[in-house]
Amino acid sequence: MKSYRRIITVLALAGGLASTEAVGQTGGNPTGRAGATTRQPDTSPGTTPASGATGTQAGRNIVNITNSEGQFSTLAAALKQADLVATLGNPGPFTVFAPDNEAFKALPAGTLDNLMKDNSKETLASILKFHVVPGRIRMADLEDGQKLKTVNGEELSVTKLNGKVAVNGVELDQPDLEASNGIIHVVSKVLLPPKQGMVGNKQ
């Protein structure tokens with residue numbers, strides 16, 4: 001009888017050791033599949049969604065995007081001429097109402113050429129800063145009648161009608177392009193500070 005009990009004890013100990021070894025090989029995962037722990041994506045404010053998400057430019061800041069996207073080639077050149085590349089390359093965050101190439105073409109003849117001259121650098125910088133608002137503001141955050149203070153120091157007026165959003169009467173054509181340091185809303189007209197007065201869009 002004692003021999004029989006010894007055999008039972010030895011078998012039980014062997015089984016326990018085998019079970020412990022198996023758990024160690026799977027990293028303590030009860031499913032037995034290495035790496036099966038699930039991590040939820042970080043969607044806290046200021047983070048960039050994973051590449052492939054709609055409207056995102058994961059890992060690229062505002063300057064990177066304007067430099068690489070063809071529709072912003074004129075804006076990219078203007079930012080460089082106005083010495084604003086370093087500013088918009090900062091962590092921010094910033095919200096940029098970005099005029100596309102067609103918006104600059106809509107300016108009166110000769111206006112853009114004049115603005116790109118060295119002696120107009122201050123005026124150009126003032127106009128471009130009027131398109132930039134501190135903070136990360138998505139279209140859904142904008143409210144009818146809201147005032148947005150720009151880096152220029154003057155304000156943009158928000159209107160919402162029938163699901164469409166506009167700033168200073170200019171509709172957001174492509175909203176919510178996310179950059180690592182902010183948000184880009186594409187607009188089809190150049191926004192002009194009220195005090196500028198010297199340039200305007202074609203009617």
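A few notes on this one:
- With the highest mean first, a sort of the peptides 117-125, 98-106 on other beta-carbon atoms found within 10 angstrom per residue produces 98-106, 117-125.
- Net charge contributed by nearby residues that have their C-beta within less than 14 Å of A140 (K/R +1, D/E -1): -1
- Computed over region 79-148: relative contact order in percent, which uses C-alpha pairs under 8 Å that are six or more apart: 47
Each reported figure results from applying straightforward, stated rules to the coordinates on display, with no laboratory input. This is a predicted model, so every value here is computed, not measured. Here the Cβ is made from the backbone with ideal geometry for all residues, glycine too, and neighbour counts use every protein chain on show.
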